[in-house]
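The values are calculated or read from the model by the stated rules, or taken from the named source; none is laboratory data. Only a predicted model underlies this, so the values are computations on that prediction, with no experimental measurement involved. Virtual Cβ from ideal backbone geometry, glycine too; neighbours counted across all protein chains shown.
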Amino acid sequence: MTSTWQVVHRTDDGERVGYLTPAPADARLVVPMTLAGTPAAGPLPVDAATALLTGTGLAVLARRWWCRLPDPLPAGVTAAGRPAADWPWRPTALVEVSPTEVRVRPEHPAPEERTALAVLPFPAGDLLRTAAPS
């Protein structure tokens, strides 16, 4: 997490649900960021961004994500912070998200990938996408 990011917690239980980061083009707006360090939406006023994260910040983590990974992903843990040019975009699931790294696995792993994980740095930024790449 960078020093300009503000942690957002749910008020009812204190659970961390995302971050607010200053919008680059407008100092009055912020960008709501997921716990994986990807934008949850475009720039919004602080109240709207906070409401978005408290309402859906954790649920968004359960969706399909796309990440460039080797195919097949080797058993064990693969550093995927600098994808090789020949790694395709693959549908993935988030396994673990922390303020230091994001762990993913193939969404539908081949038998040899069942013990495989890929590690991305936090924030994951452009290393993760929520829509299939074109």
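Observations, loosely collected:
- Selection of the range 8-37 for residues being under 12 Å from L53 (Cα atoms) and surrounded by fewer than 20 Cβ atoms within 10 Å (Cβ to Cβ) yields H9, R10, T11, E15, R16, V31.
- Residue count for the range 124-134, restricted to those that are out of contact with any Phe, Trp or Tyr (no Cβ under 8 Å at 6 or more places or on another chain) and surrounded by 13 or more Cβ atoms within 10 Å (Cβ to Cβ): 3
- Residue that is in contact with an Asp or Glu (Cβ under 9 Å, 6 or more places away or on another chain), modelled with pLDDT of 95 or more and under 28 Å from A118 (Cα atoms), where the choices are P43, P74: P74
- Meeting the requirement of 1 or more residues that are over 20 Å from T11 (Cα atoms) and more than 19 Å from the chain's Cα centre (by Cα), the strands (runs of 3 or more DSSP E) wholly within the range 44-116 are 76-79.
- Restricting the range 40-67 to residues that are touching a Phe, Trp or Tyr at 6+ places or on another chain (Cβ under 9 Å) and touching a residue at least 60 places away in the same chain (Cβ under 8 Å), the residue that is farthest from T130 (Cα to Cα): C67
- Some residue of the range 45-65 being over 17 Å from P121 (Cα atoms), basic (K, R) and surrounded by 15 or more Cβ atoms within 10 Å (Cβ to Cβ): no
- Taking the range 120-134 as the range and being out of contact with any Gly (no Cβ under 9 Å at 6 or more places or on another chain) and not in a strand (DSSP E or B) as the test, the residues that pass are D126, T130, A131, A132, P133, S134.
- When the range 96-117 is limited to residues that are among the acidic types (D, E) and in contact (Cβ under 8 Å) with a residue 24 or more places away in the chain, the one that is surrounded by the most Cβ atoms within 10 Å (Cβ to Cβ) turns out to be E113.
- Selection status of G37, touching a residue at least 60 places away in the same chain (Cβ under 8 Å), on the phi > 0 side of the Ramachandran plot and not assigned by TED's automatic domain parsing to the domain that holds P123: yes
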